[in-house]
1. In terms of solvent-accessible area of protein heavy atoms at a 1.4 angstrom probe, what is the ranking of LEU62, LEU140, LEU172, highest value first?
2. Counting Lys and Arg as +1 and Asp and Glu as -1, each charge on the Cβ, what is the dipole of the chain about the Cα centre in debye, to the nearest 20?
3. Once both labels are modelled 7 Å past Cα along the beta-carbon direction, what's the TYR127-ALA54 spacing in nm?
4. Would you work out which of VAL7, ILE91, SER30 lies farthest towards the positive end of the dipole of segment 1-133? Charges go on Cβ: Lys and Arg +1, Asp and Glu -1.
5. Return the distance in nm (one decimal) between the two label points of a simple spin-label model at TYR146 and ARG25, each offset 7 Å from Cα along Cα→Cβ.
6. Run the helix sum for the chain: -39,500 (n - 2.57) per DSSP H stretch of 4+ residues, divided by residue count, reported at 222 nm to the nearest 500 deg cm²/dmol.
7. Can you tell me how much longer the chain between ARG181 and ALA105 gets when fully stretched, taken as 0.36 nm per residue apart minus their C-alpha distance, in nm with one decimal?
8. Taking a spot 7 Å from the Cα of GLU46 along the direction of its beta carbon, which residues of segment 63-103 have an amide N less than 16 Å from it?
Amino acid sequence: MNFTEVVAEVLSIVKRPDKIADIRREVNSSIHFCCNEVEFDRDLTEISTALNPALYTQNLALSLFTRFRKFKYIKPPAVKYYLKKVGPDKIFQDCKEEVNTYYIAGSEIIIKTCGLHSTLLVGWYSYPPVLTDASPTFWLLDVSPYMIINRAAAKVFADIGDDASSRKHMDLFAVAWLSARADLANTG
């Protein structure tokens, strides 16, 4: 299913055309909830990004990483280790600068390596896009549309004060959510 079809299905459940804006919001909210709760393999993106091969410490804009949520790994090529995430206050330990590390500061990632590298392999989890009728596709709606439908319907029912219908659809969501987490979550 796509966004337009999911919205139509929620509308057919709640039978409140005056709540169409709420339904659209709750469908997007439900997708975001699910994707932010779990590290789904399908939300993982990987790229090789260029570095200045003459510098040990470099800053990269987080905007390089589309809809950046959090890093899974950062790895220089041809080495057998991943860079370790540290807080900016942990870069200097016992009067020694930590290397093979990275940290986030504002809208940049600061990378410190012990060797010179021209590229980095970077894997990160992305936030889902905000779906519209003009941009209606997202993988989670393909594999588990009724999970999203039931959560969105539950939220709309809660907003209009129909607590029994809200609980019913939230229970249906909860069962589907347990299954989706087990089937789709990154387990490696």
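The values are calculated or read from the model by the stated rules, or taken from the named source; none is laboratory data. Because the structure is a prediction, the values reported are computed rather than measured. All Cβ positions, glycine included, derive from the backbone under ideal geometry; neighbour counts span all protein chains shown. Just so you know, the surface numbers come from the protein's heavy atoms only, side chains and all, with ligands and any DNA or RNA stripped out. Shrake-Rupley method; radii C 1.70, N 1.55, O 1.52, S 1.80 Å.
1. LEU172, LEU62, LEU140
2. 380
3. Label at TYR127, label at ALA54, 3.7 nm between them.
4. Sorting the options by dipole projection puts first ILE91.
5. Between TYR146 and ARG25, the label points sit 2.8 nm apart.
6. Rounded to the nearest 500, it is -12500 deg cm²/dmol.
7. Value of the extension gain: 24.3 nm.
8. Counting backbone N atoms under 16 Å from the label point, the list is 71-83.
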